[in-house]
Every structure is written in structure tokens, then in C-alpha cells.
Amino acid sequence: MLAVDNIQVFYGAIQALHGISFEVKEGEIVTLIGANGAGKSTTLRTISGLLRPKSGTVKFDGMDITRVPAHKIVKMGLAHVPEGRKIFPDLTVRENLIMGAYTRTDRTETAVTLEHVFQRFPRLKEREKQFAGTLSGGEQQMLAMGRGLMCKPKLLILDEPSMGLSPILVEDIFKIIKEINQLGTTILLVEQNAFMALQIAHRAYVLETGKVMLAGSAAELREDPKVRSAYLGDVVDIA
Amino acid sequence: MGGGEKPPPRFKNRSITAFSGFGPLYRNRQHSLLGVDMGVDVLEHVIGQVINGLQLGFMYALIALGYTMVYGVVKLINFAHGDVFMVGAFVGYLGFNQWGMPVPVAVLTSMAVCAILGVVIEKIAYRPLRYAPKIAALISALGVSLFLEYFCSLKFIFGPNYRVVQRPFEEVHWQLAGISISNIQVMVMVTVLFMLLMLQYLLYRTKVGMAMRTVSLDHDAARLMGVNVDSVISVTFAIGSALAAAGGVLYAIAYPQIQPFMGIMPGLKAFTAAVLGGIGIIPGAVLGALIMGQVETLTAAFLSSQLRDAIAFGILILVLLVRPCGILGKTETEKV
């Protein structure tokens with residue numbers, strides 16, 4: 001469904017990605033894990049068209065989207081829930097969700113999707129008319145995810161959905177991600193919380209300073225000693 | 001345009017400074033505040049001046065909206081905006097004085113011409129500098145402003161001289177309970193209110209309006225929703241410029257002398273109004289403009305017309321010292 005091939009991305013003169021390649025197959029949850037500055041968000045922003053790679057290609061659903069502008073990529077069925085949620089604070093919760101369906105023209109169908117989103121996130125229904133800026137962090141994350149679902153994406157990209165949330169909320173969010181996936185949406189998940197990410201993902205890639213260092217099934221990586229010590233807080237056998 | 005005829009002679013008996021054009025507004029000034037006829041007359045005079053101030057303020061509002069909307073979506077002060085207003089005034093004037101259009105048609109023509117002008121300005125002068133340091137776009141804006149002023153001063157465009165606008169209809173003053181109000185004042189206020197309502201509808205009830213609001217909050221997030229940010233910016237310039245054009249035509253009817261540099265002062269005043277109300281905030285622009293209109297008119301009527309601009313801009317400085325983000329501006333909270 002998504003194939004990223006050897007992308008190199010620069011911020012000015014600084015190279016952020018040194019040739020990253022990976023793929024996401026239909027129906028999967030794939031996670032990219034890695035420390036701050038490893039290039040996870042940059043990778044996602046390149047996929048969704050906010051950044052242009054200097055070289056390499058991004059293919060989505062069989063089409064080359066490397067040079068396609070971001071707003072057209074959304075229309076192709078790729079939703080990106082960005083880091084820091086980026087909800088629209090001065091718009092109401094409902095308006096935020098409607099914006100998520102901006103590319104859709106089928107009004108009645110959109111209304112159905114809105115109902116589904118409200119069913120999945122009842123809190124959003126309660127706060128429908130409130131300004132999104134007044135929501136709590138967890139509610140904002142739900143709004144960002146709900147907004148992403150409003151375009152009925154084939155691929156949902158989530159950047160740090162657990163950031164800044166309490167452990168209970170993190171559990172909730174991951175449960176919801178898994179449910180969304182089970183209903184047929186492919187998911188690309190970036191997380192610093194590698195422990196949680198590796199529990200729900202099928203496969204994972206470990207990024208370090210703009211390169212893919214390790215790849216494998218989530219189960220394999222959970223057992224990998226390097227991953228355990230670097231990302232899962234394992235403090236055993238340093239000697 | 002108007003090539004065949006001589007430019008109207010400059011007035012000899014009235015001193016015209018570059019930014020006057022307030023003749024009809026202050027013609028009936030009474031120096032009676034400290035004089036003998038205090039009482040009902042004074043109250044009526046004050047109300048009359050407040051109405052004059054409303055008329056001026058509403059016109060500033062049309063210009064201020066363009067500043068604030070453009071700032072909202074591209075975080076840029078479009079210093080050429082006052083000159084778009086000037087072009088609007090000229091096109092309107094040519095429309096009803098030379099091409100024989102009815103006033104509403106002249107207004108719509110002027111709005112259309114300026115909408116295109118605004119889009120072109122953005123494409124040529126601002127878009128290539130979108131990711132350059134802000135100062136570059138600012139200098140570019142000043143360049144566009146000067147270009148429009150001097151280009152329009154060329155003989156084969158509008159020419160450098162004042163032109164006297166023949167009002168398409170006679171000014172009629174009505175006395176309502178002793179308060180004088182003119183048909184022009186009513187026309188200005190009704191037109192501006194109508195446009196404000198239309199703008200409100202556009203922003204809050206249409207898809208493009210919602211897209212504009214999201215672009216003003218976060219370009220990248222708007223892109224991720226599928227919003228074509230470039231076209232939303234173009235639409236914003238078009239709407240802002242069209243409003244300024246409407247303001248220009250109304251201005252030409254209300255203060256019927258126009259020339260290519262007429263946009264500078266109203267432009268600055270409207271910019272001040274936008275900042276006063278809180279730049280980027282639409283109700284703020286209207287509020288700021290109404291305040292500016294009142295301050296200016298009342299100062300001119302009761303203190304001194306020379307102090308008019310000094311006090312208007314002095315208020316701006318004061319407000320910004322106390323509330324740097326403007327009257328309705330939100331104090332920026334640190335993002336987590």
C-alpha cells in the first residue's frame with residue numbers, strides 16, 4: 001500500500017534522512033520507532049507531501065506521490081494525524097471534524113462517517129459545540145484522530161499519538177488504534193513509546209539518525225537485545 | 001482612460017493637501033463648543049459628528065478587513081492595500097462618471113478589477129517570497145505600493161492630478177429629530193453592513209470560509225485536511241481587495257476628489273485600525289476602524305483638525321503599550 005524507497009530529505013543544508021526505505025502492506029499496523037531526532041516525523045511529513053525529498057520515491061496505492069502536493073494526497077486516501085495534534089483551536093469540535101472531510105463531496109455519506117466518529121469517541125459528541133482549544137490533551141488527541149478518520153482513509157498515519165497523555169489514556173488510545181485497524185484501515189504509527197507500539201504493531205522499523213537500523217516483525221523486535229536496552233528501558237546485562 | 005480631456009484645474013481658493021478630501025465632512029463645522037449656544041445644539045452637533053465618524057469608520061473597516069484577513073492567512077502586512085483602495089476609487093469613478101454605469105454596477109466592476117489586482121500582486125510580489133525572511137516580503141509590499149502610486153500617476157493611466165468626482169446623485173440631508181443625516185452616509189453604512197454580513201456568512205457558513213479560517217491557524221494542518229493553501233491565499237487576497245475597492249468607490253462618492261496618492265493615509269489609518277483591534281481578528285478590524293473614525297472626526301470637530309492624525313496614531317501607540325496584541329487580540333500562550 002505504501003512503499004518508501006531510499007528517500008533523502010534536507011532541511012536547508014542539513015540532511016535529516018539518509019535514504020530511508022520501508023513499506024506498509026494493506027491491513028497492517030507498522031510502527032517506526034526511534035529516539036528524538038531520528039527522523040520519524042520528517043519521514044511522515046515527506047510521505048504526506050509537506051516536505052519534498054531530494055531523492056527517492058514514495059509510492060501509495062501503486063502511484064508515485066513523491067511530487068504530488070499534500071492536499072491532493074489526502075484526497076487519494078492518506079490521512080496524516082500530525083505530531084502535536086494540530087487541531088484547529090478556534091474552530092469547534094464539530095467544525096474540526098467537518099474539516100477532516102474537506103476533500104469529500106458526498107454530504108450524506110460524510111454525515112454517516114461523522115456519526116461513526118462520534119460513536120467511537122463519545123467524548124467528542126459531548127463536546128461537539130465547544131472550541132477545540134478548550135479540550136484536554138486526551139480529548140484533543142481523540143479529535144485529531146477522529147478528524148483523520150473523517151476522510152475515510154485507506155492509510156492512517158499517526159505521529160506520536162501518546163505524547164503527553166496519562167498512562168490510562170495511552171492504553172485507551174492504543175486500544176482504539178487497534179480497533180480502527182481491525183475495521184480495515186492500514187496504519188503507520190510513529191511512537192516514542194516503543195513498548196506500547198510494539199505491542200499492537202505487526203511490523204516495526206527502528207530509525208536512528210535518519211537511517212533504518214533494524215527491521216522485523218514486532219514480536220522479533222520486542223525480543224531484540226538492542227531494542228530492549230535502547231527503547232524498552234531494559235537495564236539488564238550491560239556487562 | 002480619460003485621455004482626451006484636460007485634467008481638472010487645481011482649486012485655488014481651497015488649500016488641498018495630499019490627504020484632505022474631507023471637505024463635505026467638515027464644511028458645516030461650528031465653533032460653538034466653547035461659545036454661547038451650548039445646549040441642545042451642542043448635543044445635536046455631537047451626534048452629527050458621531051454619524052460622520054461612523055461613516056468614516058465604516059469605510060476604514062472595509063480597508064482594515066483586507067489587512068487583517070491577509071495578515072491572518074500569510075502573516076504579512078500588505079502595504080499595497082491602500083493603493084488597491086485607490087485603484088478601486090478610480091475604477092468606480094471612471095465607471096459612473098465616464099462609462100455611464102449605474103453606481104452598483106460601478107461598485108461591482110471596481111471590486112472585480114481589484115480582486116484580480118490583489119491576486120496578481122500576491123502571485124508576483126509575495127508568493128515567491130513565502131518562505132523567505134519576513135522582511136523581504138515587507139520590502140516587496142512597499143515596492144508594490146510605490147509602484148501602484150507612481151504607475152497610476154502616469155499620464156496615460158490616471159494622471160497625477162486631482163480629479164473631481166461628479167457624484168452620481170445629489171447629496172440630500174435629512175433632518176431627523178434635529179439630527180442631520182445624508183443619503184450618502186446612509187448609503188455608506190448600509191453598503192458596509194451588508195458586506196460585513198456577507199463576509200461573516202462566507203467565513204462561517206461556507207467551505208472556502210472554513211478553509212480560510214484553518215489556513216489562518218496552521219498552513220500545514222490545513223494542507224493535511226486537503227486544503228489547497230495557495231488557492232485559499234489567492235481567494236483571501238481577492239476578497240480583501242474587493243472590499244477595499246468597494247471602500248474606495250464609497251470614499252470617492254463621500255469625499256469626491258481622487259488622486260493616485262489618496263490611498264496612503266486611509267491605508268495607514270485602516271492598518272492602524274486593524275492593529276488596534278487585534279491584527280488577524282476580523283471583528284477587531286471593524287471595532288478598530290469604528291474607533292479610528294470616531295477619534296478622527298471628534299478630534300477634528302472639537303479640538304483641532306491639525307491634531308486629528310496625531311491623536312489617532314497616538315491612541316494606537318497607547319493601546320499597543322497596554323495591550324500589544326490589540327483590543328480583541330489574544331495574548332499568545334506558550335505552546336506545549
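The values are calculated or read from the model by the stated rules, or taken from the named source; none is laboratory data. In this text, all values refer to a predicted model and were calculated from it rather than measured experimentally. Cβ coordinates were reconstructed from backbone atoms using ideal geometry, including for glycine residues, and neighbour counts include every protein chain displayed. We work out accessible area using only protein heavy atoms, side chains counted, and drop any ligands, DNA or RNA first. Shrake-Rupley method; radii C 1.70, N 1.55, O 1.52, S 1.80 Å.
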Report summary line: Only one of (1) modelled with pLDDT of 95 or more; (2) closer than 15 Å to A:LEU207 by Cβ; (3) out of contact with any helix residue (DSSP H, G or I) (no Cβ under 8 Å at 6 or more places or on another chain) does not apply to A:ALA38, and that is (1)
Query raised in the report: Yes or no: B:ALA221 of a type in the set (A, V, I, L, M) and over 25 Å from the mean Cα position of the chain (by Cα)?
Result: yes
**Report entry** From A:ILE87, A:ILE47, A:ILE20, A:ILE65, residue being under 21 Å from A:ASN181 (Cβ atoms) and either within 14 Å of another protein chain (Cβ to nearest Cβ) or open to solvent by less than 70 Å² (accessible area, probe 1.4 Å) (or both)
**Finding:** A:ILE47
Report task. Select from the range A:90-122 the residues that are in a loop (DSSP other than H, G, I, E, B), exposed (fewer than 15 other Cβ atoms within 10 Å of the Cβ) and more than 14 Å from chain B (Cβ to nearest Cβ) and list them in ascending order. Result -> none
Query raised in the report: Could we say that A:LYS226 is touching a strand residue (DSSP E or B) at 6+ places or on another chain (Cβ under 6 Å), of a type in the set (D, E, K, R) and touching a residue at least 12 places away in the same chain (Cβ under 8 Å) here?
Result: no
Requested in this report: Kindly list the number of the only condition in (1) assigned to a loop (DSSP other than H, G, I, E, B); (2) open to solvent by 20 Å² or more (accessible area, probe 1.4 Å); (3) within 14 Å of chain B (Cβ to nearest Cβ) that fails for A:GLU128.
Outcome: (3)
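Picking from B:VAL215, B:VAL188, B:VAL249, which residue would you name as being buried (at least 18 other Cβ atoms within 10 Å of the Cβ) and more than 22 Å from B:GLY288 (Cα to Cα)?
B:VAL215
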Query raised in the report: Can you pull out the residues in the range B:60-81 that are open to solvent by 10 Å² or more (accessible area, probe 1.4 Å) and under 13 Å from B:ILE264 (Cα atoms)?
Result: B:PHE79
Query raised in the report: Can you name the helices (runs of 4 or more DSSP H) wholly within the range B:238-336 that have at least 3 residues being without any contact (Cβ under 8 Å) to a residue 60 or more places away in the chain and under 22 Å from B:MET69 (Cβ atoms)?
Result: B:264-277, B:308-322
Query - Positions within the range A:23-44 being open to solvent by 20 Å² or more (accessible area, probe 1.4 Å) and part of a strand (DSSP E or B), in sequence order - result: A:GLU23
Query raised in the report: Is there a residue in the range B:192-203 that is open to solvent by less than 50 Å² (accessible area, probe 1.4 Å), within 14 Å of chain A (Cβ to nearest Cβ) and outside any helix (DSSP H, G or I)?
Result: no
Query - Given (1) surrounded by fewer than 24 Cβ atoms within 10 Å (Cβ to Cβ); (2) closer than 28 Å to B:ILE184 by Cα; (3) of a type in the set (S, T, N, Q), number of the condition B:SER231 does not satisfy - result: (2)
Requested in this report: Determine the pairs where a residue that is assigned by TED's automatic domain parsing to the domain that holds A:ASN96, located within the range A:107-122, has a partner that is open to solvent by 90 Å² or more (accessible area, probe 1.4 Å) and among the aliphatic types (A, V, I, L, M) with Cβ atoms under 6 Å apart, the partner being 6 or more residues away or on another chain.
Outcome: none
Query raised in the report: Wholly within the range A:138-225, which helices (runs of 4 or more DSSP H) include no fewer than the required count, namely at least 3 residues that are surrounded by fewer than 24 Cβ atoms within 10 Å (Cβ to Cβ) and over 16 Å from the mean Cα position of the chain (by Cα)?
Result: A:167-182, A:218-223
Requested in this report: Give the range A:1-16 a look and list any residue that's over 22 Å from B:ALA221 (Cα atoms), in a strand (DSSP E or B) and more than 16 Å from the chain's Cα centre (by Cα), or say none.
Outcome: A:ASP5, A:ASN6, A:ILE7, A:GLN8, A:ILE14, A:GLN15
Requested in this report: Taking A:ASP5 as the residue in question, decide whether it is among the acidic types (Asp, Glu), away from chain B (no Cβ under 14 Å) and either touching a residue at least 40 places away in the same chain (Cβ under 8 Å) or at positive phi (or both).
Outcome: yes
